[in-house]
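Single-structure report; data block below.
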Amino acid sequence: MCAPAVIQHVATELSRRRFLQAAGAAAAALLLPWREASAQAAPAPSGRSLSFTHLADLTHTLTPHFPVFPSFDSPRLETRYTVERDGFYAREWIVAEHSGTHLDAPAHFVAGPDLWTADQIPLENLIAPLVVVSIEERAARDHDAQVTVDDLIAWERQHGPIPQGAAVCMYSGWERRLANPVTFTNADSMGTMHFPGFSLEAAQFLVHERQVAGIGVDTLSLDIGPSTDFAVHLEVLGANKWGLENLANLATVPPAGGTLIAAPPKVEGASGGPLRVLAVW
């Protein structure tokens, strides 16, 4: 036997549930036309899909000792709060936009209302088929070695046409010099730096003949170290393409068949910025 109080509680609960079920059904009926309209208005899938079994980090860890282009100060990372003293841990970063593994936005070298700052680069331009062109052997002999059009044509003979919207990255093996920052910047007695980069002709070929999204290097600059006119920067960035500098681990990814993901911080008006670059395949 149930006590009268228990019976009353069960009856009240059942009434409450019936009310909620009825309210839910009514809400669903009201929402149904909206859902159907939304489904009809939803854009069709773009056809782009991304699945992978391998993942590589193409980013160097940023430290105060990471070599920077002489135009910039080294990064400063200052501890402002500690768990022991303040109950939480936080630091202040004082970092030039072009420090560590970073992106050069089109507006970095070229002025104009149509040239994107880092925050304006469309998302679809930051996920790109990855092309890795190795000049490692040549760079070991010639510190001012350049990626040439012949290198790009040779890559295409082996792997097929460079995809439109690709990220074409130079691998020179230069990252092995990071253990000694002096050898990474590799300045001679006159202060002129020496490291590999893209040739102007290769940059023009990629921009105009292959319509790439951007290019990348494992050195300090898209241009070779001794460059004074930065012609590659002007060619690539001036075409509203981006550049990636100081990439890591390019030797661990295949020369073709991968996808690069590069998303810079969304800072208003930024000329670029340190970022995490990933490769998947």
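Structure notes:
- Filter result for residue 110 (at pLDDT below 95, within 23 Å of residue 232 (Cα to Cα) and in contact with a helix residue (DSSP H, G or I) (Cβ under 8 Å, 6 or more places away or on another chain)): yes
Condition check ((1) without any contact (Cβ under 8 Å) to a residue 60 or more places away in the chain; (2) of a type in the set (Val, Ile, Thr)) across all residues:
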position: 55; (1), (2): no, no
position: 58; (1), (2): no, no
position: 77; (1), (2): yes, no
position: 83; (1), (2): yes, yes
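- Qualifying residue in the stretch 188-197 (condition: polar (S, T, N, Q) and on the phi > 0 side of the Ramachandran plot): no
- Pick from the stretch 233-244, criterion in contact with a Leu (Cβ under 8 Å, 6 or more places away or on another chain) and over 24 Å from residue 276 (Cβ atoms), ranking: surrounded by the fewest Cβ atoms within 10 Å (Cβ to Cβ): 238
- Qualifying residue in the stretch 209-220 (condition: surrounded by fewer than 24 Cβ atoms within 10 Å (Cβ to Cβ), outside any strand (DSSP E or B) and in contact with a His (Cβ under 8 Å, 6 or more places away or on another chain)): no
- Set side by side, the residues 96, 107, 140 differ, and just one is crowded, with 21+ Cβ neighbours inside 10 Å and of a type outside the set (Val, Ile, Thr), which is 107.
- Tabulated pairs, the stretch 233-254, first under 12 Å from residue 204 (Cβ atoms), second crowded, with 22+ Cβ neighbours inside 10 Å, C-beta under 6 angstrom, 6+ apart or interchain: 235/203; 236/203; 236/215; 236/243; 241/214
- If the condition is being of a type in the set (Val, Ile, Thr) and part of a loop (DSSP other than H, G, I, E, B), then the stretch 243-281 contributes 253, 267.
- The stretch 172-190: number of residues that are assigned to a loop (DSSP other than H, G, I, E, B) and without any contact (Cβ under 8 Å) to a residue 60 or more places away in the chain: 6
The values are calculated or read from the model by the stated rules, or taken from the named source; none is laboratory data. Since we're looking at a predicted model, the values are computed, not measured. Because the Cβ atoms are built from the backbone with ideal geometry, glycine has one as well, and the counts that use them run over all protein chains shown.
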